1. Distance in nm between label sites at K350 and I611, each 7 Å beyond Cα in the beta-carbon direction?
2. Quick check: from the Cα gyration tensor, does the stretch 488-604 come out rounded (a/c under 1.5), prolate or oblate?
3. For a protection proxy built on the mean count of beta-carbon atoms within 10 angstrom, sort 320-329, 280-289, 673-682, 352-361 highest first, please.
4. When Lys and Arg each count +1 and Asp and Glu each count -1, what net charge do the other residues less than 14 Å away from T676, Cβ to Cβ, add up to?
5. Would you mind counting up the charge near V141? Only other residues with Cβ under 14 Å from its Cβ, with Lys and Arg at +1 and Asp and Glu at -1.
6. Of P698, G152, I434, which is farthest on the positive side of the dipole of the chain, counting Cα position, with +1 on Lys and Arg Cβ, -1 on Asp and Glu Cβ, and the Cα centre as origin?
7. Treat every Asp and Glu Cβ in the stretch 407-449 as -1 and every Lys and Arg Cβ as +1, leave all other atoms uncharged, and give the resulting dipole magnitude about the Cα centre to the nearest 20 debye.
8. Can you give me the long-range amide H partners of G216? Hydrogens built in the peptide plane at 1.01 Å from N, cutoff under 5 Å, separation of 5 or more residues or another chain.
Amino acid sequence: MKENNKAKGIIKLVITLILVIALGYFAWTVVRDSNAALQDDYVATEESAKNTVKLGLDLAGGVSITYQTVDPNPSDEDMQDTIYKLQKRVQGYSTEAEVYREGNNRINIDIPGVSDANAILEELGKPGSLIFVDPEGNTVVDGAMVSSAQAGITEDQQKNKEYIVQLSFNEEGTKKFAEATTQFVGQQIYIIYDGEVVSAPVVREAITGGQCRIDGMESYEEAENLATTIRIGSLSLELEELRSNVVGAKLGQSAMASSVKACLIGLIILAILMIVVFKVPGIAAVLALSIYVSLEVLLLAAFNENITLTLPGIAGIVLSIGMAVDANVIIFTRIKEEIGFGKTVPSAVKTGFKKALSAIIDGNVTTLIAAIVLMIKGSGTVVGFAQTLTLGIVISMFTALFVTRFIINTFIDLGLDKEKQYGVIKERKAIDFIGKRKYFIAFSAVLILAGFIAMGINMAGTGDLLNLGIDFKGGTSTNVTFNEDMSLEEISTQVVPVVEKVTGDADVQTQKVANSNEVIIKTRELSQPEREELHDAMAENFGVDKEKITEENISGAISGEMKRDALIATLIALVLMLVYIWFRFKDIKFAASSVICLVHDVLIVLAFYAIIRWSVGSTFIACMLTLVGYSINATIVTFDRIRENINILPKSTPRSVIANKSVTETLSRSIYSSLTTFIMVLVLYIFGVSSIKEFALPIMVGIVFGTYSSICLASSLWFIFGGGDEKKITAKQKAAVKKA
């Protein structure tokens, strides 16, 4: 029997190793080709594009288009509305596309992952005026009253396909359109774009509900063209193209290279740590993690039409790697405990996976809920983060629950089934966390209060609660024409440090304009003396002609609407997570405690942002979202053990005893899983460029305090919400708990 198992184990091991090597090879070719796409002399082909991860503007560059309003003095309200609508529109090219204001009446659009500006302009069209006119020549509604226009396909009664455009109007448009269609049933309404009739549908009946359908088109392409034209014309302002350029990466080529290097080093350190701590299961985890990382890279390339990888996207990958390792830590800790109870290794493995299942599912599902809501309701970089996180969670659950189990059972078949090869956790004396709850709460309250005080000081000094960076507050865009063609690497390593020295701020974005010596440098808003100092620095260090340097004030790429979308999405996610935890744990005290711990972690990181005055840029949103996903997952594991102990301990067991026992039993898991994620982020900080460091540093703070809240606060809040202990704990009760 043992010989049969060993032969079966050898076959399974060979299959596993072949799978690891094959997936690793294909994943490496994707990384290699994606990195090659960042080179200045890279020429993309249709075949090579299929084998690369689509990189965002911050990592790979793209097309930059500047529009100017026909009205020389547009209102701020109309500008903001137009920017928001353009943002929604260009997300069809990429979720990471950015739209921001430049000067008084200009709007800049940056679209990553593309290189043909003329093709984009042709597809996007010229945003102009749009009106709906009745047969008497009167304007019924204008483009600003159109809420949406979408192409679609339906079937008639004979099952023939019909190509249509579905329109929706706002409240004012609904009223006016209803009046017109009621009066002109049987006649045509003319849709006129920039003085040209683009459609003239016949009114068949009065349309009073704010929605209508245009049919009669011969193809879906025709319907899509009409829908696009209507959407373009629905802007609050009429625009005309001013210029368009192909631009290089904001963060420079080194950002991608350093990120890949950091991930590889981090994974190697994680592999060593897992093997040292968990022995044979650690080897299984390393193999499973290799498969996980390879699948993540390959699927990012496979879905490159829908997913654009940016710095926030990398944050989503780092978080999902942490959760993949976390799932393995939960399982392996359970296996050690079962061996400590006297079970054989095969039995301990089977029971360990079974007991870890609920914590892994609940932790991943709560994070998945947040990711899906952010993907649906968010915009811009929030969507990119949510996409990579969603993909990572699904893959990590698969590898943890199936691949890791398959590999461990393979090792058991090979005869690796001795206790010392897996480790043992003996029962430990419970630490009195609940008894120290007042100190924990007081410590957190002091830190959060210090954060609010720092925000108040910042507001009094600068007018902002936090040190808002370019993406939030806007700044100065400086165009410098160098005497020679600067490579992306030279810009990153030579130009950026000079700019940072002048501004005293690491929040510097640069973009190279293709086929020219021009470089766009975006910084915080510069005063006139600072602008002159920057001119002098460029002339002194690079010999540029100061007369050719130009500047424009620019708005933040993260608009008020985008911030609102992110906030609304986060609130919805919190509510849904609360409902899910309430449903799964059948006790609102668990749900309320989880959400409060999550809010606590966010406030702590905000406090550090305020006190240390870290720059708040696009990485800020990625940081907060990473924290939300990571924090809730850690707390779920603690509560899962409390739920389990409630069911197996005597009913008379005091709540404080249950809480202390549960936290103590999950303590090693909390420390190890946090340590593995911390290592990944620390390596990113050590090897990353300035903007990546700005992301990594607050994440490390978030990991530390997320672990702290899961260990020290979550159980304390559950205990407090439950009314504490009704009576004094007796020696008999303690003995009963120990026996159980």
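The values are calculated or read from the model by the stated rules, or taken from the named source; none is laboratory data. All of these numbers come straight from a predicted model, not from anything done at the bench. Glycine also receives a Cβ, built like all others from the backbone with ideal geometry; neighbour counts cover every protein chain displayed. Surface accessibility is based on the protein's heavy atoms, side chains included, excluding ligands, DNA and RNA. Shrake-Rupley method; radii C 1.70, N 1.55, O 1.52, S 1.80 Å.
1. 5.2 nm
2. On the way: a/c = 3.54, a/b = 3.34, b/c = 1.06.
Note, shape of the stretch 488-604 comes out prolate.
3. Numbers: 320-329: 26.6, 280-289: 24.6, 673-682: 22.3, 352-361: 19.7.
Those peptides, ordered most packed to least, come out 320-329, 280-289, 673-682, 352-361.
4. Working: positive: R669; negative: D326.
Residues near T676 contribute 0 overall.
5. Values: positive: K175, K176; negative: D134, D142, E171, E172, E179.
Computed value for this residue: -3.
6. It is I434.
7. Values: 8 positive and 5 negative charges, 84 e Å.
Rounded to the nearest 20 debye, it is 400 debye.
8. Those qualifying (amide H under 5 Å, at least 5 residues apart or on another chain) are Y163.
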